[in-house]
Amino acid sequence: MTTVSQCWRYPVKSFQGERVDRLVLGADGFDGDRRYAVVAAETGHLLSAKIEDRLFEATARTVGDEVVVVLGDGTEFEMGASDAASHIGRWLDREVTVAELGATSPGADAATSYDMTLDPPNDDAEVYEIPTPPGTFLDLAAVHLITTATLARFAEARPDLVWDVRRFRPNVVVDLDGPGFPEDEWVGHDVVVGGAVINGMMRTMRCAMPLRAQPAATEVGSPALERNVDIYRALQAVHANDLGLYASVVTPGTIAVGDTVTVPVSVS
């Protein structure tokens, strides 16, 4: 049986996420996912660990109706606090604002794009401005899904590398045995995941994020991850730099660990 094995939510764009038992999927994405973002004052663009890799040193967790963050220097506060931008700016040594989905916070109107390079191993490569989906702080799609079969296939091809799920920041991990890359076949098809229905948009093309260093996450048993450009080389060599599935929302609903995943008979 194909089931959901992990659910992840990222309350602040590019901060460490939280592993949860269930997610509520709305028309534009998961409730509480990328609720906040840090905005570069000089450009008005969303900051992302694609360029500002220090963001990965911060954690974010949902506590009741609030998002509590701990920066890399140990400073802890609520993301909705009036001095949140000051704390983050002091830590990053740059002027920033904080944007919240649906709020009229400073910079929110302009925060509709982020920066990335098309050459992930080269931090000095040319930077391009990429628009976000309207009304979101997402990179491209409402749902990001990967299967354990695909992670296992990469681990088989390059057992010398650490294929920790945190490198790829999915919302949903599907437990599925068999040959790698089954989610490739879900592109263009509806997939029932728990109480929701999603439609495969495209394979997930990887950026610089999987190469970045990340601190240990003891709450999920994940060790510290070192920066490693060989991850990119392996992604390219094994599967054309694609890992996972981007999907749109057909029917909103709840997705929980243990839920059944049903794919079309023609591609199962």
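Computed values, structure above
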| quantity | calculated |
| --- | --- |
| One residue from P121, P159 being without any contact (Cβ under 8 Å) to a residue 60 or more places away in the chain and closer than 23 Å to P215 by Cα | P159 |
| Residue, nearest to T262 (Cα to Cα), within region 148-183, restricted to residues that are open to solvent by less than 50 Å² (accessible area, probe 1.4 Å) and touching a Pro at 6+ places or on another chain (Cβ under 8 Å) | L176 |
| Unmet criterion (only one of (1) in contact (Cβ under 8 Å) with a residue 12 or more places away in the chain; (2) out of contact with any Ser or Thr (no Cβ under 6 Å at 6 or more places or on another chain); (3) open to solvent by 20 Å² or more (accessible area, probe 1.4 Å); (4) of a type outside the set (D, E, K, R)) for T136 | (3) |
| Some residue of region 248-267 being under 20 Å from A157 (Cα atoms) and open to solvent by 50 Å² or more (accessible area, probe 1.4 Å) | no |
| Enumeration of residues in region 238-268 that are touching a helix residue (DSSP H, G or I) at 6+ places or on another chain (Cβ under 8 Å), modelled with pLDDT of 95 or more and not in a strand (DSSP E or B) | V238, H239, N241 |
| Residue list for region 201-219, filter: outside any loop (DSSP other than H, G, I, E, B) and without any contact (Cβ under 8 Å) to a residue 24 or more places away in the chain | T218 |
| Count of residues meeting criterion [in contact with a Phe, Trp or Tyr (Cβ under 7 Å, 6 or more places away or on another chain) and open to solvent by less than 10 Å² (accessible area, probe 1.4 Å)] in region 15-32 | 1 |
| Subset tally (residues that are surrounded by fewer than 20 Cβ atoms within 10 Å (Cβ to Cβ) and basic (K, R)) for region 204-222 | 0 |
| Test: residue in region 110-118 that is within 18 Å of R54 (Cα to Cα), in contact with a strand residue (DSSP E or B) (Cβ under 9 Å, 6 or more places away or on another chain), surrounded by fewer than 14 Cβ atoms within 10 Å (Cβ to Cβ) and not polar (S, T, N, Q) | no |
| Any hit, region 185-199, residues being crowded, with 22+ Cβ neighbours inside 10 Å, modelled with pLDDT of 95 or more and either of a type in the set (G, A, S) or on the phi > 0 side of the Ramachandran plot (or both) | yes |
| Residues of region 19-34 classified as within 19 Å of A247 (Cα to Cα) and within 13 Å of the chain's Cα centre (by Cα), total | 5 |
| Positions within region 35-80 being open to solvent by 50 Å² or more (accessible area, probe 1.4 Å), closer than 29 Å to T117 by Cβ and over 18 Å from the mean Cα position of the chain (by Cα), in sequence order | E42, T43, D73 |
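The values are calculated or read from the model by the stated rules, or taken from the named source; none is laboratory data. Predicted model only: the values in this text are computed from it and were never measured. When we count neighbours, we look across all protein chains shown, and the Cβ atoms used for this are built from the backbone with ideal geometry, even at glycine. Ligands, DNA and RNA are stripped out before the accessible areas are found, and what is left, the full protein with its side chains, is counted by its heavy atoms. Shrake-Rupley method; radii C 1.70, N 1.55, O 1.52, S 1.80 Å.
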